[in-house]
1. What's the total number of residues in segment 149-185 that are surrounded by 16 or more Cβ atoms within 10 Å (Cβ to Cβ) and assigned to a loop (DSSP other than H, G, I, E, B)?
2. Scan segment 116-133 for residues that are open to solvent by less than 20 Å² (accessible area, probe 1.4 Å) and touching a Gly at 6+ places or on another chain (Cβ under 9 Å) and jot them down.
3. Residue pairs, Cβ under 6 Å, 6 or more apart or interchain, first in segment 426-445 and in contact (Cβ under 8 Å) with a residue 40 or more places away in the chain, second outside any loop (DSSP other than H, G, I, E, B) and surrounded by fewer than 18 Cβ atoms within 10 Å (Cβ to Cβ). List them.
4. Output the residues belonging to segment 196-244 that are of a type outside the set (A, V, I, L, M, F, W, C), open to solvent by less than 30 Å² (accessible area, probe 1.4 Å) and outside any strand (DSSP E or B).
5. Does segment 319-368 hold any residues that are more than 20 Å from Val457 (Cβ to Cβ) and acidic (Asp, Glu), and which are they?
6. State yes or no: is Gly146 closer than 13 Å to Arg192 by Cα and buried (at least 17 other Cβ atoms within 10 Å of the Cβ)?
7. Which of the residues spanning segment 84-114 are touching a residue at least 40 places away in the same chain (Cβ under 8 Å), open to solvent by 10 Å² or more (accessible area, probe 1.4 Å) and not polar (S, T, N, Q)?
8. Can you name the residue in segment 494-513 that is within 20 Å of Val457 (Cα to Cα) and buried (at least 20 other Cβ atoms within 10 Å of the Cβ) and, of all such residues, is modelled with the lowest pLDDT?
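The values are calculated or read from the model by the stated rules, or taken from the named source; none is laboratory data. Values in this document were obtained by computation on a predicted structure and should not be read as measured data. Virtual Cβ from ideal backbone geometry, glycine too; neighbours counted across all protein chains shown. Just so you know, the surface numbers come from the protein's heavy atoms only, side chains and all, with ligands and any DNA or RNA stripped out. Shrake-Rupley method; radii C 1.70, N 1.55, O 1.52, S 1.80 Å.
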Amino acid sequence: MCLGENVDYLLRRLQSSSAVERNRAAIELGRFSFKSEEEKNRAIRALIERLQNDPNELVRRAVAMSLGRIGGRDAIEALDRAMREDRSPYVRTMARARLTNLLDRLIRVIPVVSNKIIPPRVWYSVPVSIRVEGDVIKDITLSFSGTGIRALPAEIRELRPGDEVRAEVDTIVEEGLGPAITVNLTLSYKDRLGRKHVGPPVQVELDLRSRPPVNIDVPGYRLEYLLGSGQSGNVWLARAVGAEKKAILEERGLSPDDLVAIKVPRTPSLVYMDEKVKNDFREEASIWSKLDHPHIVKLVDFGLPEEGEANVPYLVMELMPGGTLRRLLEKQVLDWVSAAKISVSILKALEHAHGKLKAHRDIKPENVLMTDIDVSDPSSCLKVSDWGLAKMSTFSSLAHEFKGTPDYAAPEQWLEYYLQRYKVDKSVSKDLERLCQVLEIDVNEIEHPGELIDKRVDIYQTGAVLYEMLTGRTPMMSKRPEEIRETLKPAPPSQLNPDVPPALDQVVLKALEKRKEDRYQRAEDMKKAILEVLASR
């Protein structure tokens, strides 16, 4: 209490006709010891009303000073408004000074690293949870620093009080640093006054110890870290340890560090239940191993259990330390020039491969990999992976399940799927009929369902990936046959991203035509169309 007075008495004085009395009441409220939050909130509301409406600048100045002492969210907003809008420079100066003190006292940003296990030699997203207290902060940047580590800062535009979000810092560490290293996590941000703050470094220990898989044995290779899991299987970071395997890597130009990526099926026991499955595996893997192009991931080795000492089917690929295109898309919508260049790289890979195989069938961001992520032009280090795996049931749980990825699938892939389903489940007949109506196809005229899929599937999927790079979403928003009519007519990318030129709209929409006869017929045709758009910018 101040001089035995109560809140009601001071609030009455704050409404006095005397500017001197209002000034004194405002000052005393700033020094008052409130008995409850209700009392405090009443005082804050009354002071804010005076700050906004009192005709006397000395009263408003005293109110600003007291609001800065009392604090709270409403006080912050009121002082911010007075700092920008009050007609008196003295009041604006006081409001800024008190707001500055208030922000310094109240803002707290708490970063916590939630997963500290990180593999060496590959880019890895280390998740960091951030909680904000006190007031809004903007232009937040998170990064790691230390010996033997490189990191691309994670950036967040704005966080409000009470927000708790997860950011991911792309990080790569050197090999041979020991079982663990200690690095500094640095966080910087701007407050509402535009001042930049850099918090004290937070020491974080990153665990670099190997996490070998259980019950997976691929002789000649030591599996060390799980790099990722997908629809078709799990991918491990591995090292060639046998002389024979090292010789294979050297022959393919991948010998310097002996590191590779090995893919194994999620359900390996299914592979040796069906002879056709094993033949598909050998055939598709053999074709992939012979593809040699700067934008195609090299397949350097493969095998089945009965053909060696391995206890699982496996594919040994060149290691792509930069991770997938998906990682870039999770952080931002790419500028149209970068998106177009990436699409050209994908199409160059398809142009080379289509002479040797029918179709990739599963072009998607997860199958577009990078040799490095810390580059200004991602298209220069981009390679396409998983050639033929979508066709193989080897890496799927059921032979009749969808071959490919629904979000990027061409309409004829859905038609193939429903035709396969219809053979074993007549209840899908209505779905099949609706789909045929949308695609303007007579199901009775389809003599060879296996011939529905060709290289124009890859054209559609490349268009879908380009659409997502430009807009942040895939063009196919529904997979239900009764709704597929509308989703096969996506909005032009420029409607969602005004920076996209109309000429690129035309390329994307042509690639996404529902009838494959209306699309680009060759990867080379779509590549040339995109290059023309790039040349005209």
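1. Matching residues across segment 149-185 total 1.
2. Across segment 116-133, the qualifying residues are Pro120, Val122, Trp123, Val132.
3. That search, which allows pairs on different chains as well, returns Leu432/Tyr422; Val438/Arg485.
4. Selection gives Gly199, Pro213, Gly220, Ser232, Gly233, Gly242.
5. Passing the criteria: Glu330, Asp335.
6. Values: closer than 13 Å to Arg192 by Cα: no; buried (at least 17 other Cβ atoms within 10 Å of the Cβ): yes.
The answer is no for Gly146.
7. Arg96, Ile107, Val109, Pro111, Val113 - these are the residues of segment 84-114 that are touching a residue at least 40 places away in the same chain (Cβ under 8 Å), open to solvent by 10 Å² or more (accessible area, probe 1.4 Å) and not polar (S, T, N, Q).
8. Checked segment 494-513; the qualifying residue modelled with the lowest pLDDT is Leu512.
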